[in-house]
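Step one of this worksheet: look at the structure below.
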Amino acid sequence: LEKDRTKIAKIEEVDNSILSPMEKMAKISLILEHFSQSLSQDEQDRLEKELEDKMKQKYQDISKELEKTVIHKIAIDKDKLEYKTFGEVTGQVLNQFSMDESQGYFRIATTKSQTWSRYAEEEQKKSYSNMYVLDNDLKVVGSLEGLAEGEQIYSARFMQNRAYLVTFRQTDPLFAIDLSNPKNPKVLGKLKIPGFSNYLHPYDDNTLIGIGKDTGESEWGGVRTKGLKLTLF
């Protein structure tokens, strides 16, 4: 109704120092509730379905924005600091080994966490991992997204033009990723073995050491950690 739209517009225009965002939302929700109650049951059902469909579409549009890592670039020249620029990628970073700079490109591995939103499709609710390559201006120029659904990064390591990621839920997939073309990163292969590596260390150009925990199946069908695990890849 036009009068309801006018009321909502006036509420939204009020300064936040007078009505907080939560107070505005409460007032608007009350108007919408009264409008919904004025409809027939069939009209209410159609309205609810339309709202749910639009919320699902909105969630799809913003899902990558709900969990972001922001990278800030600062130039250091002796005692002078100069802020240069910033970039953004989806997901969160595990630690310093998940980031690397090489030949003018910044490489970063992230995990997008599991979500419980009712507006997410089932396949969107799972966690997944990503690899991003950013240029000198911190703009994303290459990416791999959606790696290892339902898992998260436990360790990462960059070695020249390759990256190695360990993700974990029940087994330990080690991903080898080719970064020789910054604009087109590719998964070279992956290996699944029991347990996981919390730390990856380059031994030489062709050998990688993994340090972590061995795992086994619990009596309830889940995963339990056991002793120390040392792996040579």
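The values are calculated or read from the model by the stated rules, or taken from the named source; none is laboratory data. Quick caveat, the model's predicted, so the values are computed rather than measured. A quick note on method: Cβ atoms are made from the backbone with ideal geometry, for glycine too, and the neighbour counts reach across all protein chains shown. Ligands, DNA and RNA are stripped out before the accessible areas are found, and what is left, the full protein with its side chains, is counted by its heavy atoms. Shrake-Rupley method; radii C 1.70, N 1.55, O 1.52, S 1.80 Å.
Here SER143 sits with roughly 50 square angstrom of accessible surface, probe radius 1.4 Å. A straight Cα-to-Cα reach below 30 Å connects LYS190 with the lysines LYS64, LYS68, LYS112, LYS125, LYS126, LYS139, LYS213, LYS226, LYS229, residues fewer than 8 places away in its own chain not being considered. Dividing the summed helix terms, -39500 (n - 2.57) for each DSSP H run of n ≥ 4, by the number of residues in the chain produces a 222 nm estimate of -7500 deg cm²/dmol to the nearest 500. Compared with the dominant Cα axis of the chain, that is its longest principal axis, helix 41-62 is turned about 30°. The long axis of helix 21-37 is offset from the longest Cα principal axis of the chain by roughly 60 degrees. Residue-normalised convex hull volume from the C-alpha trace of the range 113-197: 108 Å³ per residue. Packing, as the average of other Cβ atoms within 10 Å across residues, places the peptides 43-52, 188-197 in the order 188-197, 43-52, highest first.
Evaluated over the Cα positions of the range 89-230, the convex hull gives a direction-averaged projected area, one quarter of its surface, of 9.6 nm². With a Förster radius of 41 Å applied to the C-beta separation of LYS190 and ARG46, the computed FRET efficiency comes to 0.30.
Protection proxy ranking of 88-101, 70-83, by the mean of other Cβ atoms within 10 Å over each peptide's residues and highest first, is 88-101, 70-83. Give me the angle, in degrees from 0 to 90, between the Cα long axis of helix 2-13 and the longest principal axis of the Cα atoms of the chain, rounded to the nearest 10. So the helix axis and the longest Cα principal axis differ by about 50 degrees.
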